[in-house]
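Colleague: Attaching a single structure in structure tokens format; questions to follow.
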Amino acid sequence: MRHTSLFTVYLTLLIAMLCQLFPWIGQGIIFRPDFMLIVLLYWLLRAPNLCNVGTAWLAGLLVDLATGSLLGQHALSFSITAFVALSYQRRLVLFNTLQLVAYVFILLIIERVVMLLLKLFEGNDNPGWHYFWPILTGLLLWQFMILMFGGLTRPKTN
Amino acid sequence: MLKGVHQKLEAQQTPAFFVRGPSPFSRMVFFCALSISIMAIDARFNYLSHVRQAFIAALHPLEVVANTPSEWYRDVKKYFSVHNQLVQENYALKQQAFEHQIMLQRLNTIQAENVHLRSLLHGNNPIQHNAVLGEISHMGRDPFTHVVVVNRGSQHHIKAGQAVVDSKGVIGQVTRVYPFTSEVTLITDKELSIPIQIERNQLRAIAFGEGNNTLDIPYLPANVDIKVGDKLVTSGIDGIYPAGLAVATVTKIQQNSESPFAKIVSTPVAGVSNHSQLLLLELPDAIENKTSQPTVKETVEHNKDTVNINNKVKTDASH
């Protein structure tokens, strides 16, 4: 893995925030991936010394402020997801690409389920299955991140 | 000898390379507790609304940057629209303007007549609503709520609680105001209710959003005189929405033998999902002075109060 600077981490998080702010008109909002979460997970798994649970919490709080949702709900779901992501972080070098995608898939499901529980506690209706679309579009975005910034698995040495 | 080596190792400090601060688990617990307390504060008290407003104001440049690609796309699309299409549109609009002018002439005489008759009966003059033109800049970013964001804010003297309409009918109510933008909760949102009457027989009721692009009119008896296709208009008795604006058309009526109430479903007539211009109607003075920053729930309760008051006024007038 190449060395990453703190500047790159915060710059990509800022760009993710910008993507989060893109205007969405109509039904396309169902498919919108969670830009902030994907970028966060990438840096959490790649450079846990630069990006930790606290960063995830702060990013979540900013997303809450920007989206106008109840303050703290993205912060909560992001910090739980970040914790799960970090708990297997050291074993990631042993994973192949498919296993890594599966791992991210599980993390995204965790975030969606935590968010859904919070929303149900707030008194919202069950949103239906389309609520889980951002997981699949998020995996596409994850592959894009890997293309842009390089993979997390150890390159083959033989 | 082995013991000596062991002691030596223990005396050493852990190298800085392995120091990672508190474990992820303790961090997670700390930040979860923090976010839960923030959620509780945000849900129960109003302390954080200023923080939110300041942040949104600071975020405005970023939002402008995020909006530019779609604006460029729209401009380019406008630029390349076909000449023939423009001519046709121009012709249609001119015809429409002509028709409207004729209708407006009649409206003026009818309005003058109405004022005259009201003064004869010593009635109050209807509330005049001024309006600010705005444009939907994007949908709310939270797919759970039915919210649109409009490009007018407290800098344009928008206040929370204002009614919002488009050319076809009522869209909703302003619920949060930021310096350059404001959030409009649509009438289909679960939190919003609107006093209506049926255009055909003047039956008064309150419609509630259902959260899925329809409105529900609860608490009406099963034998109520409502038909599919009936038009629902605002009754105007809340003082927020002017009377007679189109709200919705009834699409489905279910009579359940187990329930004393009919299940009446209607769909809004205003084009809430389109990118469109809309009008933000100014609040009448009485309400503006009473509540400077009403929340959705407060305005709903306020509506109920005014309903009662109006009933009283009506009975007084009939004596």
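The values are calculated or read from the model by the stated rules, or taken from the named source; none is laboratory data. The structure displayed is predicted, hence computed values, not measured ones. Note: ideal-geometry Cβ built from the backbone for every residue, glycine included; neighbour counts use all protein chains shown.
Colleague: Every residue in the range A:122-136 that is of a type outside the set (D, E, K, R) and under 30 Å from B:E191 (Cα atoms), please.
Modeller: Pass one, the range A:122-136, residues of a type outside the set (D, E, K, R): A:123-124, A:126-136.
A:G123, A:N124, A:N126, A:P127, A:G128, A:W129, A:H130, A:Y131, A:F132, A:W133, A:P134, A:I135, listed by residue number.
Colleague: Could you tell me which residue of the range B:65-92 is nearest to the other protein chains (Cβ to nearest Cβ), considering only residues that are within 29 Å of the chain's Cα centre (by Cα) and either aromatic (F, W, Y) or over 30 Å from A:C19 (Cβ atoms) (or both)?
Modeller: B:Y73
Colleague: Regarding the range A:78-87, can at least one residue be identified that is more than 17 Å from the chain's Cα centre (by Cα) and within 11 Å of another protein chain (Cβ to nearest Cβ)?
Modeller: Restricting attention to the range A:78-87, the residues satisfying the condition of being more than 17 Å from the chain's Cα centre (by Cα) are none.
Checked against the condition, which is being more than 17 Å from the chain's Cα centre (by Cα) and within 11 Å of another protein chain (Cβ to nearest Cβ), the range A:78-87 yields no hits at all.
Colleague: Another question about this same structure. Among the residues of the range B:77-93, write down those that are part of a helix (DSSP H, G or I) and surrounded by 10 or more Cβ atoms within 10 Å (Cβ to Cβ).
Modeller: B:L86, B:V87, B:Q88, B:E89, B:N90, B:Y91, B:A92, B:L93
Colleague: Return the residues of the range A:125-135 that are surrounded by 13 or more Cβ atoms within 10 Å (Cβ to Cβ) and of a type in the set (A, V, I, L, M, F, W, C); say none if nothing qualifies. Break it down into steps so the answer makes sense when it comes.
Modeller: Our first condition is that a residue be surrounded by 13 or more Cβ atoms within 10 Å (Cβ to Cβ); within the range A:125-135, this holds for A:127, A:131-135.
Matches in the range A:125-135: A:F132, A:W133, A:I135.
Colleague: For the range B:166-225, which fully contained strands (runs of 3 or more DSSP E) count at least 2 residues that are within 14 Å of chain A (Cβ to nearest Cβ)?
Modeller: On the way: elements: B:170-177, B:182-186, B:193-198, B:204-209.
It comes to B:170-177, B:182-186, B:204-209.
Colleague: So which residues in the range B:21-42 are loosely packed, with under 14 Cβ neighbours inside 10 Å and either facing chain A (nearest Cβ under 7 Å) or touching a residue at least 60 places away in the same chain (Cβ under 8 Å) (or both), if there are any at all?
Modeller: Matches in the range B:21-42: B:F25 only.
Colleague: Would you pick out the residues in the range A:2-23 that are at pLDDT below 85, surrounded by fewer than 17 Cβ atoms within 10 Å (Cβ to Cβ) and within 12 Å of another protein chain (Cβ to nearest Cβ)?
Modeller: Passing the criteria: only A:F22.
Colleague: Continuing with this model, one more query. Step by step: first the residues of the range B:131-156, then only those that are in contact (Cβ under 8 Å) with a residue 40 or more places away in the chain and part of a loop (DSSP other than H, G, I, E, B), then the one that is farthest from the other protein chains (Cβ to nearest Cβ). Which residue is that?
Modeller: Applying the filter and picking the extreme gives B:R152.
Colleague: Residue under question is A:L71, and the condition is that it be touching a residue at least 40 places away in the same chain (Cβ under 8 Å), of a type in the set (A, V, I, L, M) and within 12 Å of chain B (Cβ to nearest Cβ); does it hold? It would help to see each step written out before you state the result.
Modeller: Numbers: touching a residue at least 40 places away in the same chain (Cβ under 8 Å): no; of a type in the set (A, V, I, L, M): yes; within 12 Å of chain B (Cβ to nearest Cβ): yes.
So A:L71 does not fit the description; no.
Colleague: Given the residues A:E122, A:E111, which is the only one that is within 14 Å of chain B (Cβ to nearest Cβ), surrounded by fewer than 18 Cβ atoms within 10 Å (Cβ to Cβ) and touching a Leu at 6+ places or on another chain (Cβ under 7 Å)? First the steps, then the outcome.
Modeller: Values: A:E111 fails: surrounded by fewer than 18 Cβ atoms within 10 Å (Cβ to Cβ).
When all the criteria are applied, what remains is A:E122.
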